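Student: Attaching a single structure in structure tokens format; questions to follow.
Taken together, the values in this text are just the output of simple stated rules run on the coordinates, not laboratory data. Given the structure is predicted, the values throughout are model-derived calculations rather than measurements. Virtual Cβ from ideal backbone geometry, glycine too; neighbours counted across all protein chains shown.
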Amino acid sequence: MKYLPAYRKMLLIRRFEERVAELHRAGLVPGFAHLYWGQEAIAVGVCHWLRDDDHILSTHRGHGHCLAKGADPARTLAEIMGRATGYCRGKGGSMHVAAFERGILGANGIVAASIPIATGVALASGLADDGRVTVVFFGDAAVEEGPFHESLNLASLWHLPLLFVCENNQYAISVPVQKRQGGRGAAAIAQAHGLETRRVDGNDAVAMLEASQWAVQRVREGKPVLLECATIRWGGHHSAQPTRRYRSREELQAAQAACPLARLEKRLIAQGEATPEELLEINAAIIAQVDEAERFARQSPFPEPGAATEDVYATQEGSG
Amino acid sequence: MKYLPAYRKMLLIRRFEERVAELHRAGLVPGFAHLYWGQEAIAVGVCHWLRDDDHILSTHRGHGHCLAKGADPARTLAEIMGRATGYCRGKGGSMHVAAFERGILGANGIVAASIPIATGVALASGLADDGRVTVVFFGDAAVEEGPFHESLNLASLWHLPLLFVCENNQYAISVPVQKRQGGRGAAAIAQAHGLETRRVDGNDAVAMLEASQWAVQRVREGKPVLLECATIRWGGHHSAQPTRRYRSREELQAAQAACPLARLEKRLIAQGEATPEELLEINAAIIAQVDEAERFARQSPFPEPGAATEDVYATQEGSG
Amino acid sequence: MPEITYAAALNRALAEAMREDPKVLILGEDIGSLGGIFTVTDGLLAEFGPERIRETPLSEASFMGCGIGLALCGWRPVVEIMFSDFLTMCMDQLCNQAAKLRYMSGGQATIPLTVRAPIGARNSAAAQHSQSPQAWFAHTPGLRVVLPATPADALGLLATAIECDDPVVVLEHKLLYGEKGLVPAGRHRVPLGKAEVKRPGTDLTLIGLSRMTQIALQAAEELANQDVDAEVVDLRSLVPLDRETVLASVARTRRAVVVDEGVIDFGVTAEIAALISTELFGELLAPVSRVGALATPVPFSPPLEKAVIPQVEDVTAAAWKCMQGKPTR
Amino acid sequence: MPEITYAAALNRALAEAMREDPKVLILGEDIGSLGGIFTVTDGLLAEFGPERIRETPLSEASFMGCGIGLALCGWRPVVEIMFSDFLTMCMDQLCNQAAKLRYMSGGQATIPLTVRAPIGARNSAAAQHSQSPQAWFAHTPGLRVVLPATPADALGLLATAIECDDPVVVLEHKLLYGEKGLVPAGRHRVPLGKAEVKRPGTDLTLIGLSRMTQIALQAAEELANQDVDAEVVDLRSLVPLDRETVLASVARTRRAVVVDEGVIDFGVTAEIAALISTELFGELLAPVSRVGALATPVPFSPPLEKAVIPQVEDVTAAAWKCMQGKPTR
Ligand SMILES: Cc1ncc(C[n+]2csc(CCOP(=O)(O)OP(=O)(O)O)c2C)c(N)n1
Ligand SMILES: Cc1ncc(C[n+]2csc(CCOP(=O)(O)OP(=O)(O)O)c2C)c(N)n1
Ligand SMILES: [Mg+2]
Ligand SMILES: [Mg+2]
């Protein structure tokens, strides 16, 4: 199979997140920005197999999922920068990017909260029998929250076309997973609930693409599946957070040695899908795309204060 | 081993619950009364191995657990009848009986809610290293609530001296467990969290006593354990509820054929621990005890209305 | 007009909505063969089948979320929570998700979700099955909150709630389920956000909601025997709140008693009393009087329950003090 | 008196309590090596070790329950919930269990539990990290609720909360953590249920809590420049509520503005406004004015956040209307 399309998406996410970090340092990104760099292979591996009308739901660390599912980088960045042209008119920000027209039903600031919502989205597809797949991405810490477990049961009981993607990046903010979980992990738990599961190296794009192809196929046939993807969070919990209090430099270096992009580049060159020069060109094109997104976002106005009271309700007072 | 002590406790629960049902029909028990009849072997089997200073936490169907742990039938019945002499001064009622002096930290009206509380009680024993065991009883439906799963993880992670006892009586009100759970049940889930588990015939007092002896021993050594006990709810969800809308007469009859008391009686006689005549005497003594409890409760006054505003806080306004 | 119970009226609203719109479905515990523990979904399983009368595991957080997801995809789910006390199990889904998703997405999300749950004390159900938490939800922007007091309003408000494109919390009262009342035979809708004068009067205004409207009506009868002519305004909706109807009534009577079954402190009566006191400043003949539950969990034993929950005589006593211009609380 | 930050004052309260009483322990996320995301538990792990500075999984419902269980067994747990918005994940444990167990058990259970959580909008944290849900908990009998506005009160209220035998919810404000103030060097306690006049004045009373007390103080300075002498009362506790201090102040000034960062509707300002309007009926020169957040989820973009959250100029504007006797809301 050809890996260049996935590579482009991964690189877009990497360059996008680097830019968000820069803009955050420059004071142009309000609030927190939880970056996805280092985890690109997971979102891209899964979304590679999705149709435009399939649905995804995401987390506080959601930029990568949105871009992988086809969100416009310019409108995404505008949202992250609080501009009126952002997908959510500047009301959501980094933790709440949503692009319904692309099947992106929203990042979420509450750990595990999008999982129950995803059961309903999947149930809607099941009831309509429309062959759509719903994917819910979540971190390793979501496995500690009750709603995750309740939702596994719903998915199993009702045979929901729902793919659970656990991105085990080893940390919840500062606490490593061994200090938070006593059991055998997300896949073992999902199996006890009757789901099919697979453990994948989430830093290996090829492995992610393979496992996801299988998983999306199974879900399209109507079986809920859980993928547990091992990966590493590269930066702080959010772009401004230093990690020295809880993570050694060596640990991070080892992590970054497994860079999913670098590994995929080697593979592309080795199997003759691209030359180093072509990769440099792709990189330049993607940087230009991110430049363009930044230009768009910077030139976009902030919302008018009056917009603050819009979008609370869909209907007028007293109407049905 | 001798089974008469367990038999007496089981019979006490049976006769007590029959009396509660009568008193409910007579309008002397306010609110709901969720009866424990048919499930006696579980509470008694587990509590048989507990010390006086061990702790239990219970559910809406809690009378049996309280009596098995040594609650006074008179003060328990007085509470269920809303009298000032009840364990909770009439403020709790059937769903909230507690007898702290007996290590009974409370029944609970919210399904699964006592499970997280039990983790803290067990942690207190762990921190004090006092060798006490905490037991939390819950129904099959609690397995569907998030806090159950979160608590399994806490127990596993922190090596809590906590025994989870799941009483799978096949129903949550009107819905059978197969319509509510898609997975492989409480024990399988607990295993995924790293707990030791055992499945037991909860209608067989001998099996319950054996499994509980092992389980309480393991917990006293500091290992969390889950017992999954198969049983059957004999009556309606509460004493006033008819079951014909959701359960066939045949199903119930088959269930009652497995009566844990009848089975234990046979065993007692077969192994020569008691004669039929002795069992009749025991029965009469227990009925007298329940009569006495009823007399006590009936003669007890209702609380004064002014008591309604007491016991909200332990401290006075403004004090530390 | 047929006379039916409040529970039957709710049942009719559900059945009619499901017949009219194939996108309406119900999620909840024991709503199938049992017909709901308060009989509100009686017969629906037989007519609509288990896909649309979808019995759930005991997983309030996730089946509330499931309702939200269905709503995002164009369904009109009705989520039944067996007792309003159990809304504590799904507060995040209701108050952080359903209430906020439309706003956070800048209007992309539309959530035509109806949440039904019974409030109130009934027959010693004790502290975890007797709560009246309406103030929590009225304080949560993004939710609409209604509380029918009669069978006709139960039918009309629930029907409107299901048709509404926003999340609506319909809080029903356990002691009203068995109460009968006249209900229009044909199509009947009660708009969200419209209070109703349930009894006209001139001397003072009793403002109630849910069962406390019925208590206020009984109090008004007693007061009438003593030549006090009380007007009774039933709020029906807390969000939107019909400030106009409340203020118009009190502007006339110049005396107001607000009655709610929730705890008084920081509860519904505070908002209504503050509203009236501010907007009709200088025009009142007496301070607004507030009647509600005492600041305790709801006790089990009948005499205690009665002491905590507002009774007709509490309302008449407040009304008398109000007639005499005395502050009460 | 040393000058330290609000976060440092909370840290000192925790450290002193843990030194004095070996039964005090802390449960929460990231409270160990990171020292809490707002630095409140900084250094405690090193001094007290991982048993008492107990880092939890992301399981708010169960570690809140764990705190309750520990409290039942004689510990004095302090449970940190990282953002008050996440209290929705454990509402049952907090409001159905911690708040009710003592009552339901007829006084057998004693629950010396302290729950700490930050409220308020800060730097575009958006709708799920900016809430001010104090009214929910003030409306829940069985809980005590305090909101410090200064470093000294942060120290004194948290110390008292930990010593209190009842569940106390301590709501801290994210924008205050970095603010400095003078704090007594020695033992310092602030009783629960005692408001404080933070600035004396004669023309009107500004009643605030948490960060809104600071906003009210700033507003008072601006008003002073325009010859209006505002008194500022800091409520500090919502439960118990210090009605006396509030009423004594307004009885003198005869004008009141209530300021809270929670949503206005059915919020804290309603209770205070209703209290004053009722108890000082006929004595006020103007209707009580209420300032609070608009009825929306908290938006992300800075100009929107500013539009929704009360600013100094909103308080001065309300004060002016109040001085002119006009109703505002
Ligand atoms: C219910 C809830 N609890 C706590 C938080 C605070 N919080 C935000 S992200 C996070 C860590 C999440 O870890 P994980 O799920 O592994 O995702 P990651 O950040 O590693 O991608 C925490 C504790 C939250 N947002 N929601
Ligand atoms: C959180 C919550 N949801 C729903 C209920 C209503 N309810 C009370 S008992 C019960 C069934 C519980 O079934 P199970 O746990 O199996 O216990 P059993 O009644 O069979 O002993 C239900 C649905 C509740 N009390 N709490
Ligand atoms: Mg992680
Ligand atoms: Mg059961």
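Student: When the Cα centres of region D:219-261 and region A:134-150 are compared, how far apart do they sit, in Å?
Tutor: 46 Å
Student: Enumerate the amide H contacts of D:V233 below 5 Å, restricted to partners 5 or more residues apart or on another chain; note that Pro and chain-start residues carry no placed amide H.
Tutor: Long-range HN contacts for D:V233: D:K198, D:L206, D:I207, D:G208.
Student: What is the list of residues in region A:294-314 whose amide nitrogen lies under 20 Å from a point 7 angstrom out from the Cα of A:L28, following Cα to Cβ?
Tutor: Only A:294-304 fall inside the zone, counting backbone N under 20 Å.
Student: Once you order the gyration tensor axes a ≥ b ≥ c over the Cα atoms, which shape class does region D:142-251 get: rounded for a/c under 1.5, otherwise prolate or oblate by comparing a/b with b/c? Before the final figure, lay out the partial values.
Tutor: On the way: a/c = 2.17, a/b = 1.52, b/c = 1.42.
Here region D:142-251 falls in the prolate category.
Student: How big is the Rg/Rh ratio for the protein assembly as shown, C-alpha atoms only, Rh by Kirkwood, two decimals?
Tutor: Details: Rg = 30.2 Å, Rh = 31.5 Å.
On the Cα set of the protein assembly as shown, Rg over Rh gives 0.96.
Student: So which lysines pass the test for D:K23, namely a Cα distance under 27 Å, with those fewer than 8 places away in the same chain ruled out?
Tutor: Output for D:K23: A:K179, B:K223, D:K100, D:K194.
Student: Still on this structure, please answer the following. Taking the Cβ-Cβ separation of B:A128 and A:Q178 as r and a Förster radius of 35 Å, what is the calculated FRET efficiency to the nearest 0.05?
Tutor: Details: r = 26 Å, r/R0 = 0.73.
My answer for the efficiency is 0.85.
Student: From the Cα gyration tensor of region A:163-286, with a ≥ b ≥ c the square roots of its eigenvalues, which class applies: rounded if a/c is under 1.5, or else prolate if a/b is larger than b/c, or else oblate? Let's see the in-between values first.
Tutor: Values: a/c = 2.54, a/b = 1.12, b/c = 2.26.
Since a/c reaches 1.5 but b/c is at least a/b, the shape of region A:163-286 is classed as oblate.
Student: Sequence-distant or interchain residues sharing an amide H contact under 5 Å with D:H173, placed H: which?
Tutor: D:I119
Student: Right, another one. Please compute the modelled spin-label separation between B:D291 and A:E196, points set 7 Å along Cα→Cβ, answer in nm with one decimal.
Tutor: 6.7 nm
Student: Now, a different point. Using the number of other C-beta atoms within 10 angstrom as an exposure proxy, rank D:D260, A:D311 with the fewest first. Before the final figure, lay out the partial values.
Tutor: Numbers: D:D260 29, A:D311 22.
Least to most surrounded, the residues fall as A:D311, D:D260.
Student: For region C:143-195 and region A:160-235, what is the separation of their Cα centres, given in Å?
Tutor: Answer, in whole Å: 44.
Student: Something else: What nm distances, shortest first, do you get from the label point of D:D21 to those in the other copies when the point sits 7 angstrom along Cα to Cβ?
Tutor: Going from nearest to farthest copy, the values are 5.3 nm.
Student: Residue by residue through B:175-186, how many Cβ atoms from other chains fall within 10 Å of the Cβ on average? Show your work: numbers first, answer last.
Tutor: Details: counts 10, 0, 1, 1, 6, 9, 7, 14, 13, 5, 3, 1.
Average per residue, whole number: 6.
Student: To the nearest 0.05, what FRET efficiency results for C:D21 and D:A185 with a Förster distance of 51 Å applied to their C-beta separation?
Tutor: Working: r = 69 Å, r/R0 = 1.35.
Plugging the Cβ-Cβ distance into 1/(1 + (r/R0)^6) gives 0.15.
Student: May I ask for the distance between the Cα centers of region B:86-118 and region D:1-66, given as a whole number of Å?
Tutor: The two parts, judged by their Cα centres, are 30 Å apart.
Student: Same structure, new question: Distances in nm, one decimal, shortest first, from A:E22 to the same residue in every other copy, taking the label point 7 angstrom along Cα→Cβ.
Tutor: For A:E22, the other copies' label points sit at 8.5 nm, shortest first.
Student: Set the Förster distance to 22 Å, then compute FRET efficiency between B:H159 and A:S248 from the Cβ-Cβ distance, nearest 0.05. Each step should come with its number before you reach the end.
Tutor: Values: r = 27 Å, r/R0 = 1.22.
According to the calculation, E is roughly 0.25.
Student: So for chain D, averaging the separation of alpha carbon pairs under 8 Å that are six or more residues apart and normalising by length, what relative contact order in percent results? Don't skip to the answer; put the middle values down first.
Tutor: Values: 765 pairs, mean separation 51.6, N = 329.
Answer for chain D is 16 percent.
Student: Grab the residue from chain A whose Cβ hugs the A-to-B rotation axis most tightly, plus its distance in whole angstrom.
Tutor: A:G146, 1
Student: To one decimal in nm, how far is B:L4 from the same spot in the other copies, if labels go 7 Å from Cα toward Cβ? Please give the shortest first.
Tutor: The answer, with the shortest distance listed first, is 8.9 nm.
Student: Turning to a different aspect of this structure: I want to make sure I understand the PRE zone here: with the label point 7 angstrom from the Cα of B:D53 toward its beta carbon, which residues in region B:211-253 have backbone N atoms less than 17 Å away?
Tutor: B:220-222
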